[in-house]
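The values are calculated or read from the model by the stated rules, or taken from the named source; none is laboratory data. Fair warning: this is a prediction, and the values are worked out from it, not measured in the lab. Cβ placement follows ideal geometry from the backbone for every residue including glycine, while neighbour counts extend to all protein chains displayed. Only protein heavy atoms, including side chains, enter the accessible area calculation; ligands, DNA and RNA are left aside. Shrake-Rupley method; radii C 1.70, N 1.55, O 1.52, S 1.80 Å.
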Amino acid sequence: MSLASGSSTRHRTEEQRSAPTTGTPSASTEQAAAVPPTVPSRPRLRRPSVLPRILRVVLTGATKSAAIVVLLLAWELAPRFGLVDRTFLPPFSEVAQAWWALVANGQLADNAEASLVRSFSGFGIAVAVSVPLGLLIGWYRPVADLLNPLLQVFLNTAALALLPVFVLLLGIGETSKISIVVYACAWPILFNTISAVRTVDPTLLRLAKSMDLSAPRLFQKVILPASVPTIFTGIRLAGAVSIVVLVAAEMIGAKAGLGYLINASQYNFAIPQMYAGIVTISVIGVAFNQMLVAVEKRLSSWRVPATS
């Protein structure tokens, strides 16, 4: 029974298909021809409202800055209520006034410029030397076996402990300060670069080798892009180290720089000016780190976010 009904259905379907070719359209075809064709309307795309986006941005900014605001409030209120001695920790408003006075008379700009030139010079030299050297050591195992003991010795020698050595060998001028920044920044970048090359996903390497890529193309297309995130981890660490080490170096035998400003303010008992210098260093450090994060996102835009 089902076979018979199925065969009849197939028979009617074949008749409907063959009807236009024989020049005798069926009734259903005539009805379809009588109805004018309707163009399907495109669904309208709803534009997201501007107000929720603004509220979301404001809420995100407020959440991220809440801890900073709480810290500044505590800094302002603790000396005023006698919780700490305001001689050694003045309220934040007094520090802000001192900071503005340093900006107005040009002292802050001059000292910040001196520190930034030294920091960026040493940091740039460290990146230019350590990244290629780290790629070389990570890529060639014999070079790593040869240099690894020596690198471990330098890695575990604190940069500030060598500051007197740099001063004795290079003097108290700019060379010794930039050199100590180079030394301190080189190791985080170097070891993170070596680790980045050695920890590339083996699946990527096998896939690339199955495509018969040459060694230079394998390095260019697989090793280097996959190493960028870990390399930038070391670069960001070095960016923070460059400022910390430089400030310590500027406290010894320097006549300009934020470290010199902080040290001189302490000796002159200008406590608000001392805190103004410290706040300036913190702001510069945060801005420098954000700049490096932006560069990292730019260079590693091929990465798929974990939330997608």
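Size descriptors for segment 120-211, from the alpha-carbon set: Rg then Dmax equal 16.3, 56 Å.
Checking every one of the trypsin sites (Lys or Arg not before Pro) in segment 184-257 against DSSP loop status and a limit of 14 other Cβ atoms within 10 Å picks out Lys255. Working note: Cα gyration tensor of segment 52-162, eigenvalues times five, square-rooted, sorted largest first, giving semi-axes of 43, 23, 18 Å.
In order along segment 234-240, the phi-based Karplus estimate (6.51 cos²θ - 1.76 cosθ + 1.60, θ = phi - 60°) of 3J(HN,Hα) comes to x, 5, 5, 4, 5, x, 5 Hz; Gly and Pro are listed as x. Rolling a 1.4 Å probe across all protein chains gives Tyr260 an accessible area of roughly 90 Å². In whole percents, the pair-distance distribution calculated for segment 212-308 from its alpha-carbon pairs, binned every 5 Å from zero, is 2, 12, 15, 15, 13, 10, 9, 7, 7, 5, 3, 1, 1, 0.
Sorting the Cα pairs of segment 245-300 by distance into bins of 5 Å, from 0 upward, gives 4, 20, 20, 19, 13, 9, 8, 5, 2, 1 percent per bin.
The alpha-carbon of Lys255 sits under 23 angstrom from the alpha-carbons of these lysines, leaving out residues fewer than 8 places away in its chain: Lys177.
Only protein heavy atoms count here; under a 1.4 Å probe, Ile194 has an accessible surface of about 20 Å².
Residues Ile243, Ile125, sorted by accessible area with the largest first, give Ile125, Ile243 [1.4 Å probe; ligands and nucleic acids excluded].
For segment 87-128, the Kirkwood estimate of the hydrodynamic radius, built from every pair of different alpha carbons, is 12.2 Å. Mind checking which lysines have their C-alpha under 21 Å from Lys297, skipping anything on the same chain fewer than 8 residues away? Lys297 reaches Lys64, Lys221.
A simple rule links phi to the HN-Hα coupling: the Karplus curve 6.51 cos²θ - 1.76 cosθ + 1.60 with θ = phi - 60°, which for segment 225-232 gives x, 5, 8, 4, x, 5, 4, 6 Hz, with x for Gly and Pro.
Taking all protein chains in place and a 1.4 Å probe, what share, in percent, of the accessible surface of segment 171-282 do carbon and sulfur account for? Here carbon and sulfur together make up 65 percent of the probe-accessible area.
Look at the dipole of segment 201-259 built from charges on Cβ: of Thr233, Val245, Ala208, the Cα furthest out on the positive end belongs to Ala208. Phi angles of segment 272-282 translate, via the Karplus equation with coefficients 6.51, -1.76, 1.60 and θ = phi - 60°, into HN-Hα couplings of x, 5, 4, 5, 4, x, 5, 4, 4, 4, 5 Hz per residue; Gly and Pro are given as x.
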